[in-house]
1. Condition first: open to solvent by 50 Å² or more (accessible area, probe 1.4 Å) and farther than 14 Å from ILE510 by Cβ. Now tell me which residues in region 401-428 satisfy that.
2. Being of a type in the set (D, E, K, R) and within 30 Å of LYS351 (Cβ to Cβ), is that true of even one residue in region 475-482?
3. Condition first: crowded, with 19+ Cβ neighbours inside 10 Å, farther than 22 Å from THR501 by Cα, of a type in the set (S, T, N, Q) and not assigned by the TED database to the domain that holds LEU121. Can you find one or more residues in region 319-341 that meet it?
4. Just one of CYS103, CYS160 is out of contact with any Phe, Trp or Tyr (no Cβ under 6 Å at 6 or more places or on another chain) and closer than 28 Å to PHE332 by Cβ; which is it?
5. Restrict the check to region 127-137 and report whether at least one residue is assigned to a helix (DSSP H, G or I), more than 30 Å from VAL39 (Cβ to Cβ) and not small (Gly, Ala, Ser).
6. Quick check: anything in region 424-444 of a type in the set (A, V, I, L, M, F, W, C) and more than 28 Å from ASP319 (Cβ to Cβ)?
7. Let me confirm something: among ALA135, ALA105, which residue is in contact with a Pro (Cβ under 8 Å, 6 or more places away or on another chain), under 30 Å from ARG397 (Cα atoms) and buried (at least 18 other Cβ atoms within 10 Å of the Cβ)?
Amino acid sequence: MANSKYEYVKSFEVEDEIMPPNLIVIRIDGRDFRRFSEVHEFEKPNDERALNLLNQCAMAVMEEYPDIVFSYGYSDEYSFVLKKTSKFYQRRSSKISSVIVSCFASVYVTKWKEFFPHKELRYPPSFLSRVVCCASLEVLQVYLAWRQRDCHDQNQYYTCFWELVKNGGKTETEAQEFLKDAKEQDRNELLHQQFGINYNDSLALFRQGTCIFKNEVEDFVKYNEDGTPVKRLRRKTSIFRSENIASRRFWNAHAILLKELGNFSDDCFKINPDYIRSFVFESKLMPSTWVVIRIDGCHFHRFSDVHEFNKPNDIQALDLMNLCAMAVLEEFQDIVFSYGVSDEYSYVLKKDSQLYQRQASKIVSAIVSFFSSMYVMKWKDVFQNKDLKYPSSFDGRAVCYPSNEILQDYLAWRQVDCHINNQYNTCFWNLVKSGKSKSEAQIYLKGTQAREKNELLLKEFGIDYTTLPLMFRQGSSIFRVKRENTSMEENDDSSIEKTETKIITEYCNIIEQSFWEAHPSILD
């Protein structure tokens, strides 16, 4: 990072390491997926294609992040369990949670056409995620039993509900009232007697959910000179189903689970309500403070190389980032300002925001996953002649700033960093293109000051740094402005002034106080 007088703002970032021996579970849920399923006309009560898409996303996430050794999902949710010795992202809660939900969302969009070839994805899906800390394997066992019990209860209820609506002549309100106090046995009898359905004959995919983990299987890797095959054990991600994934019989039968997590010593006969309270606990951000959600591209050096982005700046890639950022502001009205550079964006939520009751994990995951989905969806709009070779992903964090001045210093820190990094990269890539190796370019620039870099660009390459596009040098600021529009009434000479709010992108100096004085509504 660049050294500047604004660096002190980093002290407001809170450490969120999950201390061992806690087991880490990342649980993600579809954000407003009831509406999403209605808009995309999913079958009720279960859409097999939608569930299989969800399962493929989970498999892709597990392939991407080897520290995830077990996952369980149903409906629109998935839980990912990391191995007990995991050091993934130094066990930082926000990083782990956000990168997994981002990857899941990106893959969901990427694979949509495989499962719905004749159905357009009408808007970006997004997901909420949280970290569940399990202090022991016993707690993890209870967690898995709880989620599978919820799978059964939900599926049985909605099977009854939609049968009553589709074939029982009831409205949705009447069906809700009819099932209000119905027990498990009552629902089974209803399905059997009124609709001739044996609940236990329905697909295990619906009743039991899906668990995914890696088994060691023998695979041919090569042939010896004499033609004999050489076999090796490899881990292969596979789908499994069981009536009780928290049972000793299921869990202890799989060597990979015993090795990476441990064995279940007893069966789970009762779900402790105290454990459930810990599973649903969400920490909240400090009230009456500015909340900044900062997202960064994951391994974007590799991503930009694979997709052959122009160096040091790719205008199309930056335009895509800005398009996604504008979409985020349209989606989340509590965001009053955003600033982006390269593969990062910072979103400022208004000081009195109650978005998701200020629950940090929900705010971060909603914004990160929405941005990730939009990035994949908008790719072809920007890169019309370039295929997206693999899904992008981002990580995010939430930081609270108590005053306007400190918030402005945070944004100034990011803009100073933008300038220093861009000036360095402009010199670096021009040196590389002129024939130097990357190591030689790094050594050449080591210890150089801003003035020396400007002179290098001008004398060696004929580039006046101050004439480069403002988007490269100052980054992108996106915010709302109010504009008065005058319209004439029909059949009347009178005019009416209407205030319209518009989201705009500017490339400007946000360090100077004059910017904030020109746009007082941002911090008002």
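The values are calculated or read from the model by the stated rules, or taken from the named source; none is laboratory data. Keep in mind that this is a model prediction, so the values were computed, not measured. Please note: Cβ atoms are built from the backbone with ideal geometry, for glycine as well, and neighbour counts cover all protein chains shown. We work out accessible area using only protein heavy atoms, side chains counted, and drop any ligands, DNA or RNA first. Shrake-Rupley method; radii C 1.70, N 1.55, O 1.52, S 1.80 Å.
1. Correct list: PRO402, ILE420, ASN421, TYR424, ASN425.
2. Here is the first cut: in region 475-482, the residues of a type in the set (D, E, K, R) are 480, 482.
Narrowing further to those that are within 30 Å of LYS351 (Cβ to Cβ): 480, 482.
The answer is yes; a qualifying residue exists.
3. No, every residue in region 319-341 fails to be crowded, with 19+ Cβ neighbours inside 10 Å, farther than 22 Å from THR501 by Cα, of a type in the set (S, T, N, Q) and not assigned by the TED database to the domain that holds LEU121.
4. Numbers: CYS160 fails: closer than 28 Å to PHE332 by Cβ.
After applying the criteria, what remains is CYS103.
5. Taking region 127-137 first, the residues assigned to a helix (DSSP H, G or I) are 137.
Going one step further and asking which of them are more than 30 Å from VAL39 (Cβ to Cβ), we end up with 137.
From what's left, not small (Gly, Ala, Ser): 137.
Scanning region 127-137 turns up at least one residue that is assigned to a helix (DSSP H, G or I), more than 30 Å from VAL39 (Cβ to Cβ) and not small (Gly, Ala, Ser).
6. Step one: list which residues in region 424-444 are of a type in the set (A, V, I, L, M, F, W, C), which gives 427-429, 431-432, 441, 443.
Right, trim to more than 28 Å from ASP319 (Cβ to Cβ) and you get 443.
Yes, that holds for at least one residue.
7. Values: ALA135 fails: buried (at least 18 other Cβ atoms within 10 Å of the Cβ).
On inspection, the qualifying residue turns out to be ALA105.
The rows are residues; the columns are (1) modelled with pLDDT of 95 or more; (2) in contact with a strand residue (DSSP E or B) (Cβ under 8 Å, 6 or more places away or on another chain); (3) outside any helix (DSSP H, G or I).
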position	(1), (2), (3)
LEU318	yes, yes, no
MET321	yes, yes, no
GLN333	yes, no, yes
SER338	yes, yes, yes
ILE363	yes, yes, no
LYS386	yes, no, yes
ASP395	yes, yes, yes
ARG414	yes, yes, no
